[in-house]
Amino acid sequence: MLKPISAPRAILFDLDGTLADTAPDLAAAVNKLRRERGLDPTPYEKLRPVASAGARGLLGAAFNLMPGDECYDDLRDAFLANYAASIATESRLFDGIGALLDALRTGGIRWGIVTNKAARFTDALVPLIGLQDAACVISGDTTPHAKPHPAPLLEAARRLGMTPQECWYVGDDLRDIEAGRAAGMFTVAAAWGYCGHAEPQTWHADALIDTPTALLALIDKR
């Protein structure tokens with residue numbers, strides 16, 4: 001496990017399930033598809049844990065379809081159109097995120113976003129939920145590779161003019177921790193997020209926190 005010598009100069013965050021609770025709008029987009037086909041909505045409790053996986057996760061949960069299956073591409077395109085039309089109807093920052101970002105600004109620690117969400121959605125969503133002053137925003141199609149590949153995180157560090165070792169990465173999915181580790185960053189698992197189907201305790205992150213503001217206490221220890 002990584003052992004940072006000092007507090008971070010920058011903290012990078014995943015977006016969906018870490019900074020923002022976007023699952024309600026993602027679930028609404030896929031359930032609109034079901035209603036249009038005369039199907040009952042998929043329970044939100046089934047959709048929320050896979051929200052971080054985007055179309056692949058939500059269509060898998062709602063229609064039992066995966067990439068390569070017949071009709072998958074058409075449903076994916078319709079889902080994305082639904083989502084784009086109502087991208088921030090119910091999406092909000094998680095409780096404590098606003099206070100956390102304010103404290104980072106006050107403390108002179110820069111913060112940025114590294115997400116697998118495509119840029120056309122990221123760029124639309126970020127200003128609508130109050131994250132427009134991020135020092136950098138890296139989307140899933142900013143680099144040739146998405147997480148768990150380290151390329152997006154390395155690009156974020158490059159844009160900030162910092163080494164990866166000066167940055168921490170906070171995320172709510174195993175792929176976030178894998179990407180951060182591969183990039184050489186200190187990794188923090190966000191247990192308040194969606195967390196996929198795995199327990200964050202098993203991800204071997206450098207730290208595990210239950211609330212956004214707990215990150216401040218973690219920084220103070222360094």
* At R0 = 22 Å, FRET efficiency that the Cβ-Cβ distance of ARG92 and GLU36 yields, to 0.05 -> 0.25
* To do: List THR122, THR22 from most exposed to least, where exposure is judged by having the fewest other Cβ atoms within 10 Å.
  => THR122, THR22
* Asked: Can you give me the relative contact order of the chain as a percent, contacts being Cα pairs under 8 Å and 6 or more apart?
  -> 26
* Excluding ILE129 itself, what net charge comes from residues whose Cβ is under 13 Å from its Cβ, given Lys and Arg +1 and Asp and Glu -1? -> -4
* Asked: Relative contact order, percent, of region 23-85 when contacts are C-alpha pairs under 8 Å separated by at least 6 residues?
  -> 38
* To do: Could you work out the local net charge near ASN31, counting Lys and Arg as +1, Asp and Glu as -1, over the other residues with Cβ closer than 13 Å to its Cβ?
  => +1
* To do: Among LEU93, LEU174, rank each residue by its count of other Cβ atoms within 10 Å, from fewest to most, as a rough exposure measure.
  => LEU93, LEU174
* To do: Grab the DSSP H runs of the chain that are 4 residues or longer, score each as -39,500 (n - 2.57), total them, divide by all residues and round the 222 nm result to the nearest 500 deg cm²/dmol.
  => -11500 deg cm²/dmol
* To do: Rank the residues ILE11, ILE177, ILE209 as a footprinting-exposure proxy: fewest other Cβ atoms within 10 Å of their Cβ go first.
  => ILE209, ILE11, ILE177
* **Prolate/oblate/rounded label for region 23-85 (Cα gyration tensor, a/c 1.5)** => rounded
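Every read-out reported here was derived from the displayed coordinates using simple, explicitly stated rules and does not represent laboratory data. Keep in mind that what you see is a predicted model, and the values were worked out from it rather than measured. Cβ coordinates were reconstructed from backbone atoms using ideal geometry, including for glycine residues, and neighbour counts include every protein chain displayed.
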